[in-house]
Every structure is written in structure tokens, then in C-alpha cells.
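Notes to accompany the following structure.
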Amino acid sequence: MRLSMRPITFFLFLLIGCAGTHGNVMGEATNASAVAEDYPIKPVRLIEPFGAGGGPDLLARALAQQLSQLWGQAVTVENIPGAGATAGPAQVAKSPPDGYTLLINTNAQAYSAAFSKNLPYDPLKDFIPIVPLTSQPYVLVAGKPAGVATVGELIAAAKAKPGELKFGSAGIGTGTHLGVEKFNLAAGIKAVHVPARPADSNADTIANAIAGRTTYYMAPISLALPQIRDGKLIALGVSTARRSALLPEVPTIAEAGVADFDFPIWYGLWAPAGTPAGVIDKLVKDIGRVLAGQSLRDWVTKHGGEPMNMTQPEFARFVLSESESAAQIIKAAGIKP
């Protein structure tokens, strides 16, 4: 009799055990859903890696204000510049993956993946792309000491002194670096790269151009605009296929003679890898609501930007594609980390 009961007893044990496990899974799923629905229940930090006053900082603060109103929770912007715009991402990468520390960055986040061997984090694996925010032109600028007023004059000066002109950037692998390298390749010129020092911001790189320590620089248009209007910088051309409403009199680089040149700056939001899917979905939904609002749309247009409409998976694929494009520029230009 005992032998005949063993299979039944064993079956009941399995059934009870599976039911218990199923209950735990369902409980965990319910708890995760509740956490995502309640998010955020405390202040959220937006880490910005270029320094106060630049395009990412201005956009971060506009976005933070709108999200604070939507959530009823403080959303603060923390500037962590330096290390070629990688100090900020490094801080986010090691933060708890709970949605309360987020990264707002430019295309530099994708481009720096080509240099990940020398970084304390992996720009692709250690982050989840959440949403794209806006795109806008860079503007190719020169300081007055450079003595050039057009793209054609810059190219002629570079060809007259091969490898002697200097160009600045926010750091190796940033959009401001690869944009110029793409321009140099397309124009058939060579120049010396002067990357920002570890503690420098984009403002410092612009100051170098104004002072003549570098000849030219591919600057975020929102950052360079005040110095252009003050006459401290000469706007040679914008990097996109269309002219900018902020500088309608400035030709595109393609119009100025470098055929088919198109290299926008774009902005996006990332979370640390491991952030719960429910929290990511909530962020996508809520940030989408804010971006669709007239107030932020007007702000973006005023600052020369255009909205980028992508789903979260589309944005993730876009980031990967941009990283691959950057790798091609790096290889062609012979850039070393």
C-alpha cells in the first residue's frame, strides 16, 4: 500500500510546489507593476555631462520643469562635465537601476561606444535608451584670429598648410569631434585635433576658438549662438541638410561646397541597465506626453531643434546604428582613443 501511494504523494508535492512558485511569480509581477505605476515616489536626477549653459543643460532644465509638474515630484538637473563628456555617463552607469538617476546626452553617448575599451563603463551595454528628444544642427565656427569667413576659405587655408591648422572638440569620440573629422574627410583636409582637457566643458572649447588657440570647431548651435551674435565667432556653415531658423543667413556646409554633408546633433535620455521594464515604459509614456505638449514643443523650436518621433525599440536600434556610423568615421580618420 505504501508503494502505491508514493507516486500520488510525489505528484501532490509537485503540484503544491508549482502552485507556490506560480504564486510567487505572479506576486512579483504584480509588485513590479505597482512600482512602475507609482513611479516616481521620490525626486529624480537628470545627469547632464557637458556643463551649465549648453544645449543639453538647457533642454534638461526645460524637460525637468515639465516632468516635475506632471509627476508632482522634484526633477533636478545635475551637471557633471569633464573627461570628454564621459564623467556624467560614468556616474549614471554605477547608479542604482531604479529610474531615479537618468542620463540626458547627445549623440556622443552612441559615438563614445567606439572608445568603450578605455571607459569605466560600456556606453551600449550599461544603459537602456529610453527616448530621443530633439535634433538640431551643429554650426562650424571660427574665431576672428583664424582669418576665415567661409567654408571655402577654411578649406583653402587648411590645404595651404596641411596638418597645421587646429580644431577643437569636447573630447575624443564626442559629436563635436566626429563631426569635424567627417568634415575633414569630405573636404580632403588634415588638421590637428585639440580635445578638451578632462575638466573642460563645451564653453571652454568655444573660448579656445575665440582666442585663436584653435582655428575651427563644430559647436552645438544653441551654445555658439550668443558668441556668433556678439561677433566673437564666425559662423561658416550649419551641419544639417537644411538651414537653421536660428541662423537663416548661414549656408549649410553642403551648400558651401562639401556635397551631401549632413551631421545633426541629437539628444536622448538613458537609464542604467537593469532598470525595470515597467519603469522604462512609464518614462516613455510620460516623457512622450511632455514632448507632445505645446509648451516644450515651442521651447524646442525656439532653440533651433526638431522633434524626433521613435518608439523605444526604434530608438535603441537608432543608437546602435549611430555607433556603427561613428566607428566608420573613426576608422577612416585613423582616430585613436
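Anything in the range 296-319 that is out of contact with any helix residue (DSSP H, G or I) (no Cβ under 7 Å at 6 or more places or on another chain) and either open to solvent by 70 Å² or more (accessible area, probe 1.4 Å) or polar (S, T, N, Q) (or both)? List them, or say none.
Arg297, Asp298, Thr301, Lys302, Glu306, Asn309, Thr311, Glu314, Arg317
Check off (1) modelled with pLDDT of 95 or more; (2) in a helix (DSSP H, G or I); (3) charged (D, E, K, R) for Arg45 and give me the number that stays unchecked.
(2)
May I ask you to list pairs of residues, at least six apart or on different chains, whose Cβ atoms are under 8 Å apart, with the first in the range 247-262 being part of a loop (DSSP other than H, G, I, E, B) and the second being surrounded by 20 or more Cβ atoms within 10 Å (Cβ to Cβ) and among the basic types (Lys, Arg)?
Correct list of pairs: Phe261/Lys182.
For residues in the range 289-316 being of a type outside the set (Gly, Ala, Ser) and not in a helix (DSSP H, G or I), which is farthest from Trp266 (Cα to Cα)?
Ranking the candidates gives Thr311 first.
Within the range 263-285, can you find the residues that are over 21 Å from Ser325 (Cα atoms) and part of a loop (DSSP other than H, G, I, E, B)?
Within the range 263-285, Ala273, Gly274, Thr275, Pro276 meet the criteria.
Might you let me know whether the range 119-127 holds any residue that is assigned to a loop (DSSP other than H, G, I, E, B) and within 25 Å of Lys302 (Cβ to Cβ)? Break it down into steps so the answer makes sense when it comes.
Kept after step one, since they are assigned to a loop (DSSP other than H, G, I, E, B), are these residues of the range 119-127: 119-126.
Narrowing the set further to residues that are within 25 Å of Lys302 (Cβ to Cβ) leaves none.
The answer is no; no qualifying residue exists.
Do you know which residues across the range 110-126 are touching a Gly at 6+ places or on another chain (Cβ under 7 Å) and either crowded, with 24+ Cβ neighbours inside 10 Å or charged (D, E, K, R) (or both)?
Tyr111, Ser112, listed by residue number.
Go through the range 136-154 and report how many residues are outside any loop (DSSP other than H, G, I, E, B) and either aromatic (Phe, Trp, Tyr) or open to solvent by 30 Å² or more (accessible area, probe 1.4 Å) (or both).
Qualifying residue count for the region: 6.
Could you check, for the range 158-177, whether at least one of its residues is out of contact with any Leu (no Cβ under 9 Å at 6 or more places or on another chain), open to solvent by 50 Å² or more (accessible area, probe 1.4 Å), without any contact (Cβ under 8 Å) to a residue 60 or more places away in the chain and part of a helix (DSSP H, G or I)?
Checking the range 158-177: at least one residue is out of contact with any Leu (no Cβ under 9 Å at 6 or more places or on another chain), open to solvent by 50 Å² or more (accessible area, probe 1.4 Å), without any contact (Cβ under 8 Å) to a residue 60 or more places away in the chain and part of a helix (DSSP H, G or I).
The values are calculated or read from the model by the stated rules, or taken from the named source; none is laboratory data. This structure is a prediction, so every number in the text was calculated from the model and none was measured. Positions of Cβ are generated from backbone atoms using ideal geometry, with glycine treated the same way; all protein chains shown enter the neighbour counts. For accessibility, only protein heavy atoms count, side chains too; no ligands or nucleic acids. Shrake-Rupley method; radii C 1.70, N 1.55, O 1.52, S 1.80 Å.
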